[in-house]
Amino acid sequence: MKTRPRRSEVPAHLTWNLDDLFPSEEAWEKGMTEVIEYIPKVTQFKGRLGEGPKVLLQCIEEMENLQLKFMRVMSYASLKLSADGTDPANQAASGRASALAAKVGAETAFVRSEALALPEGTLERYLEEEPGLQVYRRMIELLLKEKPHVLHPETEVALASLSEVLGAPSLIYNRSKAADMTFEPIKDSQGNTHPMSFALYEETYEKSPDFTLRRNAWASFVKGLKAYQNTYGATWGTEVKKNVVLAKLRGYESATHMFLDRQEVSMEVYNNLHDVILKEIAPHMRKYARLRKQVLGLDEMLYCDIEAPLDPEFSPETTYEEGSRIILDGISVLGPEYAAIIEEGLKNRWVDLADNIGKSTGAFCNSVPGVHPYILLTWTGSMRNVLILAHELGHAGQGVLAQRYQKLSNARPSMFFIEAPSTINELLVGNKILSQTTDQRMRRWLIMQFLMTYHHNFVRHLIEGELQRRIYVLAEKGQPITASVLSRVQGEILDEFWGGEVTIDDGARLTWMRQPHYYMGLYPYTYSAGLTIGTMVAQEIQAEGKPAAERWVEVLKAGGTKSPIELAKMAGVDMSKPDAIRKAVEYVGSLVDEVVKSF
């Protein structure tokens with residue numbers, strides 16, 4: 001049985017280069033000290049923001065300088081923990097960074113509350129009188145929008161001091177998932193034994209053509225999850241309760257209203273995405289499930305069979321080097337500046353490829369201002385990895401461009417928009433491969449990869465979003481959120497969506513245990529927003545070429561200087577109405593029809 005290596009056994013070329021952040025633990029320690037020593041440069045302005053616009057400007061500038069230093073030390077600790085959550089030193093460093101975050105938050109909480117406590121019209125006047133504040137106009141306008149929800153300064157300081165405690169549900173979930181959760185080894189159809197992990201299940205076994213291996217992996221996976229269901233029910237239930245209480249404290253109608261207000265998204269747009277997509281894509285996905293059941297010769301289609309390959313003998317593989325070339329070819333339409341960023345990331349170890357004990361599951365991109373983005377994924381050699389890497393590099397490209405052209409406070413767009421740059425890259429790369437192949441089998445495989453992307457973003461993540469939507473409604477009514485409640489509601493949503501085409505077993509009802517997204521506010525549904533925008537923009541780029549590509553790059557450079565709806569409009573997509581959503585769903589239907597005909 002092949003065993004997963006420890007982090008210390010992984011070759012350096014498969015890991016990201018954290019030396020770009022700090023060349024040693026000693027340098028990181030020094031960085032931590034520098035953050036603490038820099039705090040007085042901000043706190044010197046406490047009680048002085050009413051002195052005039054120049055004082056406010058100086059305070060904001062020092063605040064940004066502090067954030068740059070802080071984000072660097074915080075990222076180093078969090079990336080080390082993501083690479084190996086079992087290492088006690090990484091756990092300790094992460095704990096120290098979290099404590100520092102609480103200290104920074106508490107010490108600087110006065111800026112927000114004091115600025116908003118200024119007499120009515122003062123901030124607006126400051127904006128007109130001080131030209132240097134213009135680059136912070138949007139930040140100040142968003143701050144003013146928060147005014148009705150800001151608490152007494154002492155309360156804000158107290159909440160900031162408690163940030164480490166308030167983040168405990170997420171910490172406990174991620175720590176136990178990475179360091180404590182274990183799974184029984186599994187056997188394939190030949191009787192060979194394989195190691196089992198969260199990452200191996202989601203990246204490999206769930207998509208395995210080997211029926212025995214896939215079902216055994218599912219049984220092992222579900223058994224491992226069940227051992228933690230009450231713990232994770234408590235962590236997520238606490239997270240939900242925390243947000244409901246915070247929303248009430250701040251005077252919001254509900255936690256959902258609080259999250260959407262911060263995302264600059266209306267309840268109508270939020271509901272449109274859930275209602276339109278889940279209702280209208282369900283018939284297409286049920287049709288696809290029937291095809292899968294038929295082609296795979298299954299008596300019963302279980303939830304663990306949804307991603308089983310329809311053409312298992314055709315599974316194109318590639319190396320990281322060849323995959324990098326394919327990605328660069330696919331995104332070349334976005335111009336030389338963008339391509340140079342992506343090439344640098346691929347060649348200079350921005351990406352962690354290894355699969356080792358303790359490594360975080362899934363894939364993510366962490367953009368570190370003043371340094372560069374870092375990308376985590378588990379490279380298995382499948383061509384599918386190319387699309388996943390292209391997706392994460394989309395986040396990286398957006399992060400670099402926004403930070404290059406905007407102030408730190410304006411660099412990050414709303415969470416609602418955050419998945420658009422990544423999904424566009426995924427589609428551009430996939431479409432490029434599609435345009436270059438004459439092999440019908442390869443074409444079908446690629447279309448099925450697209451459908452996997454749409455399944456993940458329009459189905460899996462949006463079902464997560466629907467679960468959040470329903471759970472927060474229950475919580476607002478005072479219903480305790482427990483493992484049994486989460487499993488029941490999860491099962492109801494899955495049953496409604498699949499309409500009997502897929503058997504929803506106990507394991508499927510535990511799907512709520514699989515994602516850290518639930519600890520990130522209303523994040524899951526934003527994947528569907530990003531993919532809707534991505535689908536429309538990718539089609540525009542395919543049809544128009546350079547003009548549409550240049551428009552999109554300008555959107556990326558804009559960072560967070562506009563609301564997500566305005567950014568989408570800048571890219572030519574109107575997300576305020578359901579039309580674009582319906583067009584994207586229709587496109588998914590056309591892909592399903594093509595695959596069905598090919599069999």
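The values are calculated or read from the model by the stated rules, or taken from the named source; none is laboratory data. These numbers come from a predicted model, not from an experiment. With ideal geometry, Cβ positions are generated from the backbone for all residues, glycine too; neighbour counts draw on all protein chains shown.
Computed quantities for the displayed model
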quantity	calculated
Qualifying positions in the range 128-143 - surrounded by fewer than 14 Cβ atoms within 10 Å (Cβ to Cβ) and touching a residue at least 24 places away in the same chain (Cβ under 8 Å)	Glu129, Gly132
Residue among Tyr374, Tyr454 that alone is part of a helix (DSSP H, G or I) and either buried (at least 23 other Cβ atoms within 10 Å of the Cβ) or in contact with a strand residue (DSSP E or B) (Cβ under 9 Å, 6 or more places away or on another chain) (or both)	Tyr454
Pairs where the first residue, in the range 29-48, is more than 21 Å from Ser75 (Cα to Cα) and the second is among the β-branched types (Val, Ile, Thr), C-beta under 7 Å, 6+ apart	Val42/Thr108; Phe45/Val55; Arg48/Val55
Test set (1) part of a loop (DSSP other than H, G, I, E, B); (2) touching an Asp or Glu at 6+ places or on another chain (Cβ under 6 Å) - Gly85 fails condition number	(2)
Hits in the range 369-401 (condition: more than 20 Å from Glu206 (Cα to Cα) and more than 16 Å from the chain's Cα centre (by Cα))	Pro369, Gly370, Val371, His372, Val400, Leu401
Val295 more than 30 Å from Thr86 (Cβ to Cβ) and crowded, with 18+ Cβ neighbours inside 10 Å	no
Qualifying positions in the range 1-33 - over 30 Å from the mean Cα position of the chain (by Cα) and assigned to a helix (DSSP H, G or I)	Glu26, Lys30, Thr33
Residue within the range 109-126 that is in a helix (DSSP H, G or I), under 15 Å from Ile60 (Cβ atoms), within 28 Å of the chain's Cα centre (by Cα) and without any contact (Cβ under 8 Å) to a residue 40 or more places away in the chain present	no
Unmet criterion (only one of (1) closer than 30 Å to Leu79 by Cα; (2) at pLDDT 95 or above) for Tyr288	(1)
Unmet criterion (only one of (1) surrounded by fewer than 22 Cβ atoms within 10 Å (Cβ to Cβ); (2) touching a residue at least 12 places away in the same chain (Cβ under 8 Å); (3) within 29 Å of Lys583 (Cα to Cα)) for Gly500	(2)
Residue in the range 145-161 that is under 21 Å from Glu62 (Cβ atoms), free of Cβ contacts under 8 Å to residues at least 60 places away in the same chain and surrounded by 19 or more Cβ atoms within 10 Å (Cβ to Cβ) present	yes
In the range 335-356, the residues that are hydrophobic (A, V, I, L, M, F, W, C) and farther than 11 Å from Leu14 by Cα	Ala339, Ala340, Ile341, Ile342, Leu346
Residues of the range 172-207 that turn out to be assigned to a loop (DSSP other than H, G, I, E, B), touching a Pro at 6+ places or on another chain (Cβ under 8 Å) and surrounded by 19 or more Cβ atoms within 10 Å (Cβ to Cβ), as a count	1
Selected residue (only one of Glu146, Glu154 is under 26 Å from the mean Cα position of the chain (by Cα) and either of a type outside the set (S, T, N, Q) or more than 20 Å from Ala99 (Cβ to Cβ) (or both))	Glu146
Conditions (1) more than 19 Å from Leu143 (Cα to Cα); (2) out of contact with any Leu (no Cβ under 6 Å at 6 or more places or on another chain): number failed by Glu62	(1)
Any chance Thr212 is surrounded by fewer than 19 Cβ atoms within 10 Å (Cβ to Cβ), without any contact (Cβ under 8 Å) to a residue 60 or more places away in the chain and in a loop (DSSP other than H, G, I, E, B)	no
Residue check, Val555 in contact with a His (Cβ under 6 Å, 6 or more places away or on another chain), surrounded by 18 or more Cβ atoms within 10 Å (Cβ to Cβ) and of a type in the set (A, V, I, L, M, F, W, C)	no
For Met71: the one exception among (1) in a helix (DSSP H, G or I); (2) out of contact with any Pro (no Cβ under 7 Å at 6 or more places or on another chain); (3) of a type in the set (A, V, I, L, M, F, W, C); (4) within 30 Å of Ile357 (Cβ to Cβ)	(2)
Residue among Ala584, Ala538, Ala543, Ala568 that alone is surrounded by fewer than 16 Cβ atoms within 10 Å (Cβ to Cβ) and either among the hydrophobic types (A, V, I, L, M, F, W, C) or under 30 Å from Glu239 (Cα atoms) (or both)	Ala543
Test: residue in the range 293-303 that is touching a strand residue (DSSP E or B) at 6+ places or on another chain (Cβ under 8 Å) and assigned to a helix (DSSP H, G or I)	yes
